[in-house]
Each structure stands twice: as C-alpha cells, then as structure tokens.
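Following: one structure in structure tokens, then a few remarks.
The values are calculated or read from the model by the stated rules, or taken from the named source; none is laboratory data. The model shown is predicted, which means the values in this text are computed figures rather than measured ones. As a convention, Cβ positions derive from the backbone with ideal geometry for all residues, glycine included, and neighbour counts pool all protein chains shown. For the accessible areas, the whole protein counts, side chains as well, though only heavy atoms, and no ligand, DNA or RNA atoms are used. Shrake-Rupley method; radii C 1.70, N 1.55, O 1.52, S 1.80 Å.
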Amino acid sequence: MKPMHVIATALAATSLWVVAAESTGKLPAPWYVGGGTPSSYQAGVDSVETTSGKGSKFLRYVQGEGKSFTTLSQAVSAQRYLGQRVRFQARVKSRDVSAWAGLWMRVSGPTPANLAFYNSQDKPITGTSDWQTRSVTLDVPEEATTINFGVINAGTGQVWIDELSFEVVGKDVPVDSFQRNKLPESPTL
C-alpha cells in the first residue's frame, strides 16, 4: 500500500473514532445502570441515534460472558401516583441483541417486595430492530413507596430508548401482566 493511502486510511479511521466518541455523552442523573452484571455494560446518551433530536439513552454490552442482563433505570417516589395507573412509554431501537430487550417497570412497597412488576420478556425485542413504540402500564397500590422503570438488555448487543414519557392513564388502559398458565384446581398427589 502506498504511504499516502496508509496515512489517508489512518486519518479516516481516527476521524470516525472521534465522531463516535463525540456522539455519546454521560448518562444524566437520576438514571443508573443496575441488575445482573452492570460492569458488563456501558450506558450514556447518544446524539446520533435519536428520534427526538435531544439524544437517546443507550445500554450497550461491552464485556463478560454475555449471559446475564442489566437495566438502565430510574427510581421515583410513588407518593403522587398512589391509587392510580401509570404508563412508562418510549421509542426503542436495538442492534444485535442476543437474548432479548424491552421496557420494564416495578412498583415496590415498604419492604423490598414487588407490588406490581412487568419486564416485557413475553414481548421481547431481539436482534436488530428499528425504532418502535413500546410501553409498560401498572397500577400503583396505596401502600407503594417506589416506582422503578427503564430498559433491560439481556445478553449482548445494544438498546436505545428515546421520546420517553411517564404518565397517569385511565383505567381503560390495560395493565401489563405475564400470561400465566392456568393452574390446576386441585393438586395431583
């Protein structure tokens, strides 16, 4: 390869790295990375992959065995939502998600017990997908203290969320729940 081509190639590669580095920013508080293996993932704000033009939040697998999960989350007090139904909604995009990704929400009480929980595992986002609107809707019981919500990435790959909203909705909006198999009416002994 001619020396001039080597220099041009090196400059082009460096320029792409600089553009990629400048396109991501630090995750704003109160967002945090939690769940199974947070050290295996990187999170931040992406100013290139965005539908709002304000930057999307992302969760990207970077190291490890790739067999766990991590969440990009936020926690809020349940006080102003007691006795109401709330919906967390976002635009979601994925790239090379090996297991599954999706929105999630948990309503907790005075002890760590979940009063309501849904994580989209039964409606997974897998592989590579373009922007799509997803939501999670749960009831907030009177004894609730905390609402956690965000996006989960199980396995490898990257997931983005943008155009987020968190709102009280009417009882006409269905609550998300896992489809459970019907239990037998009596035990088999």
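Brief remarks follow.
- Looking only at the stretch 57-71, and only at residues there that are open to solvent by 60 Å² or more (accessible area, probe 1.4 Å) and either among the β-branched types (Val, Ile, Thr) or at pLDDT 95 or above (or both), the one that is farthest from residue 90 (Cα to Cα): 62
- Whichever residue in the stretch 57-80 is in contact with a strand residue (DSSP E or B) (Cβ under 6 Å, 6 or more places away or on another chain) and assigned to a loop (DSSP other than H, G, I, E, B) and, among such residues, is nearest to residue 131 (Cα to Cα): 62
- Some residue of the stretch 116-128 being open to solvent by less than 60 Å² (accessible area, probe 1.4 Å) and more than 21 Å from residue 178 (Cα to Cα): yes
- For residue 137, the stated conditions do not hold, so it cannot be described as surrounded by fewer than 15 Cβ atoms within 10 Å (Cβ to Cβ), part of a strand (DSSP E or B) and more than 14 Å from the chain's Cα centre (by Cα).
- Residues in the stretch 174-189 that are without any contact (Cβ under 8 Å) to a residue 60 or more places away in the chain, surrounded by fewer than 12 Cβ atoms within 10 Å (Cβ to Cβ) and within 24 Å of the chain's Cα centre (by Cα): 174, 179, 180.
- Flag if residue 94 is modelled with pLDDT of 95 or more and within 22 Å of residue 27 (Cβ to Cβ): yes
- Flag for residue 116 being in contact with a Pro (Cβ under 8 Å, 6 or more places away or on another chain) and without any contact (Cβ under 8 Å) to a residue 60 or more places away in the chain: yes
- Of all residues in the stretch 37-53, those satisfying the criterion of being without any contact (Cβ under 8 Å) to a residue 40 or more places away in the chain and either open to solvent by less than 70 Å² (accessible area, probe 1.4 Å) or over 21 Å from residue 71 (Cβ atoms) (or both) are 37, 38, 40, 43, 44, 45, 47, 48, 53.
- Candidates 111, 133 - the one that is in contact with a strand residue (DSSP E or B) (Cβ under 7 Å, 6 or more places away or on another chain) and β-branched (Val, Ile, Thr): 133
- Options 163, 143: the member that is at positive phi and not small (Gly, Ala, Ser): 163
- When restricted to residues that are over 30 Å from residue 54 (Cα atoms) and open to solvent by 40 Å² or more (accessible area, probe 1.4 Å), the stretch 142-173 contains 5.
- Where residue 98 falls short, out of the listed (1) open to solvent by 50 Å² or more (accessible area, probe 1.4 Å); (2) within 27 Å of residue 140 (Cα to Cα): (2)
- Residue identified as in contact with a Leu (Cβ under 9 Å, 6 or more places away or on another chain), modelled with pLDDT under 95 and not in a strand (DSSP E or B) among 16, 27, 11: 27
- Of everything in the stretch 81-96 that is among the small types (Gly, Ala, Ser) and in a strand (DSSP E or B), the residue that is farthest from residue 157 (Cα to Cα) is 90.
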